[in-house]
Amino acid sequence: MKKEVIPEATLEQDKEFFKKILLDMKQKLIEEISESRFSESLVPSADIGDIIDQAGDERERELSLLLTSREKEKLSAINEALEKIEEGTYGICEECGEKIGLGRLKAMPLAKFCVSCQSKFEEEQSIQKRTEEDLTYRGLAFATGLEEEES
């Protein structure tokens, strides 16, 4: 199968296209983080309310911390993609070194793997998860069996 040769002008246009998309994503994410931090600072920290209210507030704080962690990961991925654009390695699969399809990059600008390698990776994760669940189930069944014998 012969690979299509892409003219240099198109590569430069694609580079600028994705750079703009990534910079827009970064700007929106920073704005979202700023808005959430601002709204958190407006919430009074007075000791008003009963235990249920406090539990609800604590759950919201935990969720906020989790989102902040995800936002940091996404911001890091955006910065990494922008660095790859500057280095000329954006759109190259980190696993096999082949080009990631333009359609995939347009749909998922932070993609690090081509479709084939991503599928293999997800399949490996699925197998690992099933194995861990199976071992956990067997461990519980084994522990339950021991408890019944001791009784």
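FYI, it's all coordinate maths here, none of it is from the lab. Everything quoted here is computed from the prediction, not taken from an experiment. Reconstructed Cβ throughout: ideal geometry from the backbone, glycine too, with neighbour counts over all protein chains shown.
For the reader, a short list of remarks on this structure follows.
- Anchor Lys15: lysines whose Cα lies under 22 Å away (excluding residues fewer than 8 positions away in-chain): Lys3, Lys26, Lys28, Lys74, Lys84, Lys99, Lys106, Lys112
- With K and R counted +1 and D and E -1, the other residues having a Cβ less than 11 Å from that of Cys114 yield a net charge of +1.
- 12 Å beta-carbon shell around Thr136, net charge (K/R +1, D/E -1): 0
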